[in-house]
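Asks: Pasting a structure below so you can have a look.
The values are calculated or read from the model by the stated rules, or taken from the named source; none is laboratory data. Because the structure is predicted, anything quoted here is derived from the model rather than measured. Glycine gets a Cβ as well: all are built from the backbone with ideal geometry, and neighbour counts include every protein chain shown. These accessible areas exclude ligands, DNA and RNA; they are computed on the full protein's heavy atoms, side chains included. Shrake-Rupley method; radii C 1.70, N 1.55, O 1.52, S 1.80 Å.
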Amino acid sequence: MDFKTFNAKKLCGEIIIPPDKSISHRAAMFAALSNGKLNIKNFSKGADCHSTLNILKQLGCIVDFKDDMNFSIDSRNALTAPNTNLDCGNSGTTMRLMSGILAGQNFNSTLFGDVSLSNRPMKRIIEPLSLMGAVFLHNNFKAPLTIKGSRLHAITYNSPLASAQVKSAVLLAGLFADGDTTVNEPFQSRNHTELMLKYMGADIVSNSPASTTIRKSKIQPENIEICGDISSAAFFAVAAAIVPDSDVIIRNVGINHTRSGIIDVLKRMNADINVFNCRNVSGEIVADIHVRYSDLIATTIQGEDIPRLIDEIPVIAVLATQADGSTVIKDASDLRNKESDRISTIVDQLKKIGADIDELPDGMIINGPSKLKGNIIINCFHDHRTAMSFFVAGLIAENPMLIKEFHWVNTSFPEFEQLMYSLIK
Ligand code: S3P
């Protein structure tokens, strides 16, 4: 399905942001590892999280739906060998975290994905898991991955990347390994795995923000409520910040410090943003966010900022086109390994619509403000965040753009268009 963008006079009103993708994956996976049955409330409708859920069913879990976002999962105490290969779809989180879980089982399994996922790097998890005794068959470190269930031993892993997927794969394998498994990172990546495993009683400790140790332990079936996704909220916050006269309240947003870099960047860029009504939901901090249009200034985003907003960089690039001065984004070379090469897909296509933007090996420089002209065909390269970022750019572009294969949005955020329509005046 292709989509023709359009201008908005302003965005006004309130929305409740749909459930967090990273937390939904973890809730389903950890439920499957727990000793019994638990309820999950407010699970993501995105295709990625449903890839995880389907795999867990193939591994013997019973999922009983109350409705499409609320269900119980009964792990029946242990995962069982699947009858077929396990389809991760477009989801890197599914493939990498499930690899950590499957490495420690007493059966073999094969994970595969779509074209985009089959081209993404898996060495980052194969290497540390192999050091723990896991056995993988792979296609030059790419999917499909066949995992021979093995007896694992603990390691201390100094990860070269600040990646929650790598950290989580090793920590999850550590749940089945003899000894203390420690992961050290260059900067702290999102910590939903650590918070949720702790909430469910695993033997896991944080040595410092970027260092965690886990020991073999049982996890208990605690009910989990999933908060709204700050990565989804980012599209609305940016839209409200760049469309004149906008005034939007975004409710139920997870503002975990390891994910909230977008809020800090909006503040540094002089956006009119207010975070209020903070509360705790199943161990995560949640708030409501009020954003109004304002004049914006450029900023520099680098180093430890990057893991705190890695998924928001495509829409931050759109934001920066409207800020006065040079916004520099660096230390983000891993953006080239996401659902698409997000540095080149964003820079090339923003340039074509009139942004003053240059590619760096590890980021981009955006000189603003500039008028976005539109009037081109956008290729989202199987990447939901590219599609949604150009929808937001379209709200202020002089002419419409045709976004090809806009349905990729459904991998994380099927409610995106409908929520946008409810705010656009
Ligand atoms: C995720 C971690 C991030 C992020 C991805 C989801 C997770 O990836 O980009 O969308 O749920 O752990 P990396 O860990 O590869 O940085």
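Asks: Consider only pairs whose beta carbons are under 7 Å apart and that are at least six residues apart or on different chains; among these, list those whose first residue lies in the stretch 152-180 and is farther than 16 Å from MET95 by Cβ and touching a residue at least 60 places away in the same chain (Cβ under 8 Å) and whose second residue is in a loop (DSSP other than H, G, I, E, B) and among the charged types (D, E, K, R).
Replies: As it stands, the answer is ALA162/GLU185; LEU175/LYS216; PHE176/LYS216; ALA177/LYS216, since those pairs meet every condition given.
Asks: Another question, if that's okay. Restricting to the stretch 20-68, and then to whatever is of a type in the set (Asp, Glu) and in contact with a Ser or Thr (Cβ under 9 Å, 6 or more places away or on another chain), can you tell me which residue is surrounded by the most Cβ atoms within 10 Å (Cβ to Cβ)?
Replies: Per the stated criteria, the residue is ASP20.
Asks: Tell me, please, whether a residue that is closer than 21 Å to LEU59 by Cβ, small (Gly, Ala, Ser), at pLDDT below 95 and not assigned by TED's automatic domain parsing to the domain that holds PHE413 can be found in the stretch 212-219.
Replies: yes
Asks: Quick one: which of LEU152, LEU175, LEU145, LEU117 is buried (at least 16 other Cβ atoms within 10 Å of the Cβ) and within 14 Å of the ligand (Cβ to nearest atom)?
Replies: LEU117
Asks: Would you check if there is a residue in the stretch 198-212 being surrounded by fewer than 24 Cβ atoms within 10 Å (Cβ to Cβ), touching a residue at least 12 places away in the same chain (Cβ under 8 Å) and in a helix (DSSP H, G or I)?
Replies: Yes: the stretch 198-212 contains one or more residues that are surrounded by fewer than 24 Cβ atoms within 10 Å (Cβ to Cβ), touching a residue at least 12 places away in the same chain (Cβ under 8 Å) and in a helix (DSSP H, G or I).
Asks: Taking the stretch 251-274 only, how many residues are surrounded by 17 or more Cβ atoms within 10 Å (Cβ to Cβ) and either of a type in the set (Val, Ile, Thr) or in a loop (DSSP other than H, G, I, E, B) (or both)?
Replies: Adding up the residues that qualify gives 12.
Asks: Please find, within the stretch 97-114, the residue that is least open to solvent (accessible area, probe 1.4 Å) out of those that are away from the ligand (no atom under 13 Å from the Cβ) and touching a Cys at 6+ places or on another chain (Cβ under 9 Å).
Replies: Among them, the one singled out is LEU111.
Asks: Sticking with this one: Give me the residue from the stretch 128-142 that is away from the ligand (no atom under 16 Å from the Cβ) and not in a loop (DSSP other than H, G, I, E, B) and, out of that set, farthest from ASP114 (Cα to Cα).
Replies: Among residues in the stretch 128-142 that are away from the ligand (no atom under 16 Å from the Cβ) and not in a loop (DSSP other than H, G, I, E, B), the one farthest from ASP114 (Cα to Cα) is LEU131.
Asks: Is it the case that some residue within the stretch 76-89 is within 16 Å of the ligand (Cβ to nearest atom) and open to solvent by less than 10 Å² (accessible area, probe 1.4 Å)?
Replies: Checked against the condition, which is being within 16 Å of the ligand (Cβ to nearest atom) and open to solvent by less than 10 Å² (accessible area, probe 1.4 Å), the stretch 76-89 yields at least one hit.
Asks: Could I ask something else about it? Return the total of residues in the stretch 18-39 being within 16 Å of the ligand (Cβ to nearest atom) and not in a helix (DSSP H, G or I).
Replies: 3
Asks: Still on this structure, I have one more. For the stretch 382-425, which residues satisfy the criterion of being under 24 Å from SER344 (Cα atoms) and among the β-branched types (Val, Ile, Thr)?
Replies: Hits for the stretch 382-425 are THR386, VAL392, ILE396, ILE403, VAL409, THR411.
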